[in-house]
Amino acid sequence: MLLRNPLYTNPEPCQHLAEYKLKHGFSGYKAIQKLLVSSPIGKTSVKKPNTKVPRCSFCNGCEGRFYLCLICSSFSCLDHTILHSQSETGHAVFVDIERAELYCGVCCDQLYDPDFDQVVMSKHSMGVASGATGNESIGQRLIKRRRLVSGVGLNFQKSKFGVSTKDVRAKSCYPMGLRGLNNLGSTCFMNSVLQVLLHAPPVRDYFLSGEHRLEACHRRRTTDLMCLLCEVNAIFSAVYSGDQNPYTPAQFLYSWWQHSANLASYEQQDAHEFFISMLDAIHEKEGKARNGSKGNEDCQCIAHRVFYGLLRSDVTCMACGFTSTTYDPCVDISLNLDTSVSSTEKGKKLTKRNEDGSMSTLSGCLDLFTRPEKLGSDQKLYCQNCQEKQDSLKQMSIRKLPLVLSLHVKRFEHSFVKRSSRKIDRYLHFPFSLDMSPYLSSSILRARYGNRIYSFGADESDIFSEFEIFAVVTHSGTLESGHYVSFVRIRNQWYKCDDAWITEVDEATVRASQCYMIFYVQKTLYNKANEDQSHAPNCPGRELFFPIAGFC
């Protein structure tokens, strides 16, 4: 790894963890092992004896993330965890009780220690599943179950139990391509977006069909920069390989740092900013090789082929009615939260409301985005017809829809006047099926002019305006300390991707989440993806479903 990229090295180990292990050894780890609890799906957490709801030992709060001090065994919320490490000398290493992961209160960052992971994983092997012998390890039981799923040595048609292959798979295994991604230290923003790309039908088909040719890419390389597309291709190969262990995208992280040097740090980043920078890096790499001097609209890189759309901006002079039109390319649409119920949502039963009784819907946000807006007196624009600056109206619409529609909800608000920032914790109701036709330029112009003009600039977007949701990126916590999780939809079943952990969830869980980015794909592509039985380049008879460590 160092030979390929001499500019970046592995992160230095935490000094506070090293000092703790030097002084206390593994005594704290062994004590924690008694408090470890494994759920039926394999997720490990820490549970305090005789305590149903964890509470902070300092403020008695019961909300947010909680951490256990490895020195004094006190439970504390994030704020008091940091204060505790500052006030008590040597009390620097904690355990995140929800995720059973190490955390440094001084560095304010997650830690990775293979010795601690060994303690956690040994907890799995200590519990014996029903029907397994006492001498079997969890690995042996996983192999047995995989053989059962794949039908090795079994004849399901003549089985005396009468259980079909489909039934066993549905109960014990997840679809191919579902694999956890290890957190490399506040990289949940990266993992959540990568899970979206791994399950975006056009992106998945591109990489699994071998359209990114590694040999040709290596021949074209003229700099020491690592190829981000090659690293994405490596992730796809690993995730769809059938390996059930969580994957560590370290090489991809280093490559992304090279292309986005301003974001290269172990601090938490914004998932939306990462998404945009990643697409820019892919376009910068592949776009030049494929297109030469062509513009974005004709770009054949995978980023623009999948996410490229076109926005129309009409600015109308309020004095003479003259309209100036401009077009802007986009790979996503950023939406302000709206408090009013959209006309398309009226009549529907929407039970989830915010604390102030108001309700925000995705349709309302899109209505707000395409609503005519009067520009302020300080924003007067020059009218070509009047030959002077005039008050004007501005209206946005969508000229061209992409294959994959990315909608970004503006939850982080920054005030330059107050010099402060805050997160908007409002619930947003979003549909699983979305019709974008009311927000197209042709529909906006038709509503504006009626039947007075013949052509409204309609194109194929009018035909392919129906979308289906396939992924949601959520953000929980505060602006300073939060966590990103993604939900992906595969054959109408939802799965929660929380770094290394994959969990099957219901629709209600997804709808109740605090969405930050919502991803839709054209309905025809979604239906086609559901009809396909396999998306991986595999041999005949290879299983579409496979067991994931800790789940089967």
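Once the Cα-Cα distance is subtracted from the 0.36 nm per residue extended length, the residue 410 to residue 512 segment shows a gain of 35.0 nm. Full extension of the chain segment joining residue 53 with residue 265 gains 72.8 nm, where the gain is 0.36 nm per residue of separation less the Cα-Cα distance. Taken along the Cα-to-beta-carbon direction at a fixed 7 Å, the label points for residue 106 and residue 45 span 3.0 nm. When the listed pairs 52/423; 48/496; 496/523; 23/47; 423/523; 400/523 are checked against a 27 Å cut-off, the alpha-carbon distance exceeds it for 52/423; 423/523. Amide H contacts of residue 247: 180, 181, 182, each under 5 Å away and 5 or more positions distant or on a separate chain (H built 1.01 Å from N in the peptide plane; Pro and chain starts excluded).
Give me the number: length gained by fully extending residue 87 to residue 213, i.e. 0.36 nm times residue separation minus the C-alpha to C-alpha distance, one decimal in nm.
Numbers: separation 126, 0.36 × 126 = 45.36 nm, distance 5.52 nm.
In short, 39.8 nm is gained.
Taken one residue at a time, the phi angles of the stretch 424-435 give Karplus couplings (6.51, -1.76, 1.60, θ = phi - 60°) of 8, 8, 10, 6, 10, 7, 10, x, 7, 10, 10, 9 Hz. Gly and Pro are set to x.
Every number in this text was worked out from the coordinates using simple rules, so none of it is lab data. Model, not experiment: these values are computed from the prediction. Note that we place each Cβ from the backbone using ideal geometry, even for glycine, and neighbour counts take in every protein chain shown.
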